[in-house]
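The values are calculated or read from the model by the stated rules, or taken from the named source; none is laboratory data. Everything numeric in this text was worked out from a predicted model, so none of it was measured. Glycine gets a Cβ as well: all are built from the backbone with ideal geometry, and neighbour counts include every protein chain shown. Surface accessibility is based on the protein's heavy atoms, side chains included, excluding ligands, DNA and RNA. Shrake-Rupley method; radii C 1.70, N 1.55, O 1.52, S 1.80 Å.
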Amino acid sequence: MVTALSALTLVACSPSASTTPKPVTAAGPSMSAPGVTNGVPSPGNTLLTNDSNDAQAWPFWPRSMRIHPLTRYVREMPSNRLLLELRVEFLDEDDHTCKAFGRVRIDLHDRQGGTAGVASLVTWEVDLTDLITNRERYDVVTRTYLFLLGISDEERPGQPEIRVYYMSEDGELLEASAVLTSGDE
């Protein structure tokens, strides 16, 4: 492939292309879309959606999530306070890890105490639409969201079941659950 660069246009030619090169400018066809001016969305316009039937759909929206196996109980030092160290992994339609933009609700149940299908013992909510919170909770090493959730020793269930609900900004609901074993501290 031969590429020529001038001050105004970028011209690309390949052996399989026609012999007449076509100029591609910085504001070429990929930069124009309804509601976009010079590559910037107009206020109130949403370019990317989670609708897989939409031609403008963002292909990397979370399609599933799981409670990561690194989830466990830990003790905060020096206070010795009990924490549930919950890690949640979001996956796109290719089963690759991705970030999330929405709201998360975490419920802790006790499968021993009979609340597994009823009310949760403790509930936490996290707003991942807040970009600061989103960045703070995301762990780039494990590619999971890390939630350090305080729990009293009295609230700690005998057979803990964690349920996580994710509501994306466009309304899609994902659910995941896991049972922690006694060796998870």
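A few points about this structure:
- Share of carbon and sulfur in the accessible heavy-atom surface of segment 129-185 [1.4 Å probe, %]: 48
- One decimal place: the segment M167-D139 gains 8.1 nm when fully extended, by the rule 0.36 nm per residue minus the C-alpha distance.
- Label-to-label distance, nm, for residues given as Q159 and E125 (7 Å Cα→Cβ offset): 3.1
- Hydrodynamic estimate: the Kirkwood radius of segment 110-175 over Cα pairs, inserted into Stokes-Einstein at 10 °C and 1.306 mPa s, corresponds to D of 113 µm²/s.
- Between segment 129-185 and segment 68-109, the alpha-carbon centres lie 3 Å apart.
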